[in-house]
1. Out of all DSSP beta bridges in the chain, what portion is antiparallel? Express it as a percent rounded to 5.
2. Can you pull the Rg over Rh of the chain, Cα-only, Kirkwood?
3. Whole-Hz ³J(HN,Hα) for each residue in region 257-268, computed from phi via Karplus 6.51 cos²θ - 1.76 cosθ + 1.60 with θ = phi - 60°, x for glycine and proline: what do you get?
4. Measure nothing fancy, just the Cα-based angle from helix 88-97's long axis to the longest principal axis of the chain, in degrees from 0 to 90, nearest 10.
5. Give a quick list of trypsin sites (Lys or Arg not before Pro) in region 17-57 that DSSP marks as loop, anything other than H, G, I, E or B, with at most 11 other Cβ atoms within 10 Å.
6. Please report MET184, MET39 as a ranked list, fewest other C-beta atoms within 10 angstrom at the top and most at the bottom.
7. With a ≥ b ≥ c the root eigenvalues of the C-alpha gyration tensor of region 16-199, is it rounded (a/c under 1.5), prolate (a/b larger than b/c) or oblate?
8. Indicate the gyration tensor shape class of region 302-342 (rounded, prolate or oblate), computed on the Cα atoms with a ≥ b ≥ c the square roots of the eigenvalues: a/c under 1.5 is rounded; otherwise a/b larger than b/c is prolate and the rest oblate.
Amino acid sequence: MCEKYRPCEQSWVGRSGRPLTPLLLDCWQREYDKRPYRMFRFNILDFEERMQRKFHAVYDFLIIVSFLKKRPLCTARLTGIHLLPYEHEVIHSFVESLAKIRRIELRLMHLPTIFFEQLGNKFALMNVKELILEGTILTSPDIKALHTFIAESQILRHLNVANCSVTQYDFPLLADGVHKSSSMRSFVCNRLIGKRLSLDTTKVAHIVSSLIWQNKLEELEMQKCELQAQDMEIISEYLKVTGSKMRKLNFAYNSIGSDGAEYLFRAIILSNSLTHINIGGNKLGKHGGRTVAMFLSSCYFLIYINITWNDICSDVMNLILTTLKKSVKFHRIEIYGNKFDEKSANILRRLFDAGVVLQEEIDVSSVYDEIVTDYRVTRYD
């Protein structure tokens, strides 16, 4: 083996630890997958625990690439692998192995810019519909190369770049690729960073609004992006459009407050299209909880709502629970992380008995506590 780790004509004899083989990968696949074995999963931590040795970035990785090429897979999930930037032949072979896979998950990986450049050059050969890069650091050159692939691909429907250290300067280019894509329907971009400056959420809100105004996206998720109430005012103006295709919004763990919640719920009522809303961890407090209670019964198309961890007091939570009616049938309600009292537990019991809400449709339950000799609200998993 040369000093640049190029695979030479050498056997594994003399090396420490067991060699990785296609047969071993096939046996592992039978542990987590079922017939017809169309999903492949590889985690570098599991590998090192099983094999009791370090993962080799060339020899072991080429075995994985060979396995991907020979199997008719629908999903490939790789986690924690570090690709060497100067191994161009290995990266080229890796991109070829992903060509026929529809769902590609490359989590917590180190991918050199040449990987994204090769992806863009071979966009016509790629059959990927879902590309998930969660936790994989993306630099400015990476995003520039990825932009080409996103804009040119005719079948990519879902892009996930959550926790990828996307800065506020790179986000516009990424959003431009989503805007130019003719097939994109779902976009996830959690945790934007300011890069030495505070995050300009107003510009981010205007960019998000342009994506919504295009009326192509059906799902949008932007958690932990420091969005404020005034940003929701900008975004909600484009959600009110009749005939909007937007179905799912996830703005959890921002700082929209009670005013931002009011902007969103007014838009939900007017749009008649949104079915899923997640505003958990947004510091709604007492006033935001009252806003939810006031508008909730008018959201006839809403089937999922998440208001967890918003520091809503028990009196307001009781008000929210009493607004639940059979005419507005939720498939899932998540309210854990707020405050409840004995009255909340009794309201929940009456909702269950009347069939307004089923236990499987809500993340809290009412149980009898012998210590306080009364019912109390607990989490239901």
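No value in this document is a laboratory result; all are computed from the given coordinates. Small disclaimer: the values here were computed from a predicted structure and weren't measured. Glycine gets a Cβ as well: all are built from the backbone with ideal geometry, and neighbour counts include every protein chain shown.
1. Working: 6 of 44 bridges.
Among the beta bridges of the chain, antiparallel pairing accounts for roughly 15 percent.
2. Working: Rg = 24.4 Å, Rh = 23.3 Å.
Dividing the radius of gyration by the Kirkwood radius yields 1.05.
3. Coupling constants for region 257-268: x, 5, 5, x, 5, 5, 4, 5, 5, 5, 5, 4 Hz.
4. Once rounded, the angle reads 60 degrees.
5. On the way: sites: ARG30, LYS34, ARG38, ARG41, ARG50, ARG53, LYS54; in loops: LYS34, ARG38, ARG53, LYS54.
Here the trypsin sites (Lys or Arg not before Pro) that fit, given the DSSP loop and packing criteria, are LYS34.
6. Working: MET184 22, MET39 16.
Listed from fewest to most nearby Cβ atoms, that is MET39, MET184.
7. Details: a/c = 1.92, a/b = 1.53, b/c = 1.26.
Prolate.
8. Numbers: a/c = 2.80, a/b = 1.47, b/c = 1.91.
Note, shape of region 302-342 comes out oblate.
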